[in-house]
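**Q** Have a look at this one.
The values are calculated or read from the model by the stated rules, or taken from the named source; none is laboratory data. Being a predicted model, the structure only gives us computed values, none of them experimental. Glycine gets a Cβ as well: all are built from the backbone with ideal geometry, and neighbour counts include every protein chain shown.
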Amino acid sequence: MTDKTTSRRGFLHAISAGSVGGAVLGRAQALDAAITGAIGGLHFRADDASAVRRLKEQYFLSRDLIYLNHASIGTAPRPVVDAHAGYLALCESHPSLYVWGSVWREVTERIRAQAAALLRCAADDLAITHNTTEGFNILAHGLPLGAGDEILFSSINHSGAAVPWDVLARDRGFSVRRFDFPVDRGAELTTEEVVALHVDAIRPETRVLVFPHVDNMIGLRHPLKEIAAAAKARGVEFVFVDGAQSVGMIPVDLSASDVDAYAMSPHKWLQSPKGLGLFYVSEALRPRLPRMWHKTAARGMDGTARDYEDYSTRAWPAVVALGDALDFQDALGEQEKNRRYESLWGRLLERVDAEPKLVWRSPREWTSSSVIMAVEVRGASAPSLGTELLDSVGGVVRAFGGSLNALRISPNLMTTEEELDRFMDALVARGV
Ligand SMILES: Cc1ncc(COP(=O)(O)O)c(C=O)c1O
């Protein structure tokens with residue numbers, strides 16, 4: 001576990017180094033103490049209903065809603081929002097110092113190290129970007145590919161990790177091939193089958209394989225290291241992984257993996273401010289992947305992943321509050337988070353199995369599943385049901401039509417059993 005006050009201690013140090021007035025420093029110290037107290041007082045335990053209720057109080061979610069759409073957009077807890085607001089006010093107190101000065105550099109490095117520890121990678125391998133889609137744009141724009149090269153991914157790949165390749169293929173001459181992912185067999189696929197699906201689709205011209213660690217439709221935990229190693233053994237040169245739905249929800253270990261790049265959106269499961277991304281680029285890939293943004297030409301590339309964030313003016317308050325989001329999640333504890341997520345998953349699976357008109361469309365083993373759960377109602381259109389449930393009980397879910405025709409239910413740690421049951425009761429009552 002990292003030191004819970006790491007990012008904020010760096011933050012105070014940065015401010016005092018900026019020779020600001022006593023009033024600004026005093027406000028910053030008060031903010032620091034308040035955030036430290038709030039995070040330090042969480043004492044979260046997965047099997048303690050009162051701890052879950054206390055956790056729920058940390059969020060701004062509307063009491064009129066049953067928010068089960070954390071896979072689309074997460075929600076930042078109060079201490080992260082307060083910290084973010086405090087940093088914004090600080091920036092406005094002396095804009096040229098806090099936006100252009102170097103005061104945030106030290107803090108940002110602490111946050112980078114904190115995120116790298118979570119991902120089990122080196123801090124030098126990690127850029128702080130804006131979202132997953134940006135990571136895939138850097139890859140698609142930068143990688144030296146051309147005629148005869150193929151990019152391969154399955155039909156379950158999200159548009160953010162797919163469209164940059166589709167669009168650039170026309171200009172650059174490479175080709176994109178999608179293979180069908182059998183979403184309708186999501187409940188029964190074995191790990192071996194998932195690996196084989198990817199590996200069997202590889203052809204001699206396939207240079208890049210892209211897949212999500214956790215997909216956004218049925219929440220399958222793709223076997224990361226196994227697919228990457230098997231793809232490399234088959235001659236694929238680059239393996240790029242979409243980590244939008246994994247980081248913060250399931251443990252991620254990029255150490256000793258054959259993954260070359262891993263792009264993330266911490267606003268989902270790490271509950272950071274919106275508009276922040278994390279982007280892992282392996283040391284081996286970096287010399288072959290030029291940066292997309294150029295501001296400090298004189299500095300040149302320093303060879304680390306920091307090169308990919310040469311943004312000039314940026315939203316520092318959000319970047320600094322990412323450190324508070326990491327602190328918050330760290331204080332909840334990886335083990336307790338896992339236990340809580342598994343318990344919510346198990347409760348929903350039990351409810352679905354007990355009701356003949358409902359069909360569980362996600363993997364049936366927790367080790368290959370996640371709290372992104374797809375549920376079909378026999379004979380009903382999922383998109384229409386989604387609208388009805390919003391109107392009737394304020395249930396917010398994502399609905400997929402097409403061959404999946406399922407509601408995607410994605411709760412979070414603070415979702416109570418009562419909320420989940422209320423939503424399921426309404427679903428059963430509405431289903432035909
Ligand atoms: C699996 C997956 N990949 C990529 C994205 C795109 O994320 P962003 O819009 O933050 O770039 C999403 C967003 O929902 C997603 O679910």
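**Q** Condition check: within 11 Å of the ligand (Cβ to nearest atom), among the aliphatic types (A, V, I, L, M) and either touching a residue at least 60 places away in the same chain (Cβ under 8 Å) or assigned by TED's automatic domain parsing to the domain that holds W345 (or both). Does A261 satisfy that? Show your work before the answer.
**A** On the way: within 11 Å of the ligand (Cβ to nearest atom): no; among the aliphatic types (A, V, I, L, M): yes; either touching a residue at least 60 places away in the same chain (Cβ under 8 Å) or assigned by TED's automatic domain parsing to the domain that holds W345 (or both): yes.
Against the criterion (within 11 Å of the ligand (Cβ to nearest atom), among the aliphatic types (A, V, I, L, M) and either touching a residue at least 60 places away in the same chain (Cβ under 8 Å) or assigned by TED's automatic domain parsing to the domain that holds W345 (or both)), A261 does not qualify.
**Q** Which condition number in (1) within 24 Å of K225 (Cα to Cα); (2) free of Cβ contacts under 8 Å to residues at least 12 places away in the same chain is the one that R170 fails?
**A** (1) is the only condition that R170 fails.
**Q** Further question on the same structure: Just to be sure, is L68 in contact (Cβ under 8 Å) with a residue 40 or more places away in the chain and within 16 Å of the ligand (Cβ to nearest atom)?
**A** Values: in contact (Cβ under 8 Å) with a residue 40 or more places away in the chain: yes; within 16 Å of the ligand (Cβ to nearest atom): yes.
Judged against the criteria, L68 is a match.
**Q** For segment 183-217, which residues satisfy the criterion of being modelled with pLDDT of 95 or more and of a type in the set (D, E)?
**A** E192, E193, D200, E205, D215
**Q** While we're looking at this one, here's another question. Among residues belonging to segment 71-97 that are under 12 Å from S272 (Cα atoms) and within 16 Å of the ligand (Cβ to nearest atom), point out the one that is surrounded by the fewest Cβ atoms within 10 Å (Cβ to Cβ).
**A** Among residues in segment 71-97 that are under 12 Å from S272 (Cα atoms) and within 16 Å of the ligand (Cβ to nearest atom), the one surrounded by the fewest Cβ atoms within 10 Å (Cβ to Cβ) is I73.
**Q** OK, next. In segment 256-275, what count of residues is obtained for those that are at pLDDT 95 or above and surrounded by fewer than 22 Cβ atoms within 10 Å (Cβ to Cβ)?
**A** Qualifying residue count, segment 256-275: 3.
**Q** Please work out if K295 is out of contact with any His (no Cβ under 7 Å at 6 or more places or on another chain) and touching a residue at least 60 places away in the same chain (Cβ under 8 Å). Please lay out each step first, then the result.
**A** Values: out of contact with any His (no Cβ under 7 Å at 6 or more places or on another chain): yes; touching a residue at least 60 places away in the same chain (Cβ under 8 Å): no.
Spelling it out, it is not the case that K295 is out of contact with any His (no Cβ under 7 Å at 6 or more places or on another chain) and touching a residue at least 60 places away in the same chain (Cβ under 8 Å).
**Q** Considering segment 101-112 alone, what residues qualify as being assigned to a helix (DSSP H, G or I) and among the polar types (S, T, N, Q)?
**A** Taking segment 101-112 first, the residues assigned to a helix (DSSP H, G or I) are 104-112.
Within segment 101-112, T108 is the sole residue that qualifies.
**Q** Also, I was wondering about something else. Can you name the condition, by its number, that N412 falls short on among (1) over 30 Å from S93 (Cα atoms); (2) more than 20 Å from the chain's Cα centre (by Cα)?
**A** Going through (1) over 30 Å from S93 (Cα atoms); (2) more than 20 Å from the chain's Cα centre (by Cα) one by one, N412 breaks only (2).
**Q** Which residue pairs have Cβ atoms closer than 8 Å, lie 6 or more positions apart in sequence or on different chains, and pair a first residue in segment 330-348 that is closer than 16 Å to G40 by Cα with a second residue that is at pLDDT below 95 and assigned to a helix (DSSP H, G or I)?
**A** A331/I39; A331/G40
**Q** Can you give me the ranges of the strands (runs of 3 or more DSSP E) entirely in segment 113-216 with at least 1 residues that are buried (at least 22 other Cβ atoms within 10 Å of the Cβ)?
**A** Numbers: elements: 126-129, 150-154, 175-179, 206-212.
Counting at least 1 such residues, we get 126-129, 150-154, 206-212.
**Q** Determine if segment 347-354 includes at least one residue that is of a type in the set (D, E) and in contact with a helix residue (DSSP H, G or I) (Cβ under 7 Å, 6 or more places away or on another chain). Give the derivation first.
**A** Just the residues of segment 347-354 that are of a type in the set (D, E), to begin with: 350, 353.
When the remaining residues are screened for being in contact with a helix residue (DSSP H, G or I) (Cβ under 7 Å, 6 or more places away or on another chain), the result is none.
No: zero hits.
**Q** Going through segment 128-154 one residue at a time, which ones are of a type in the set (G, A, S), touching a Gly at 6+ places or on another chain (Cβ under 8 Å) and within 16 Å of the ligand (Cβ to nearest atom)?
**A** Scanning segment 128-154 gives a single hit, G135.
**Q** Further question: Can you tell me how many residues within segment 379-397 are closer than 18 Å to R361 by Cβ and without any contact (Cβ under 8 Å) to a residue 40 or more places away in the chain?
**A** 5
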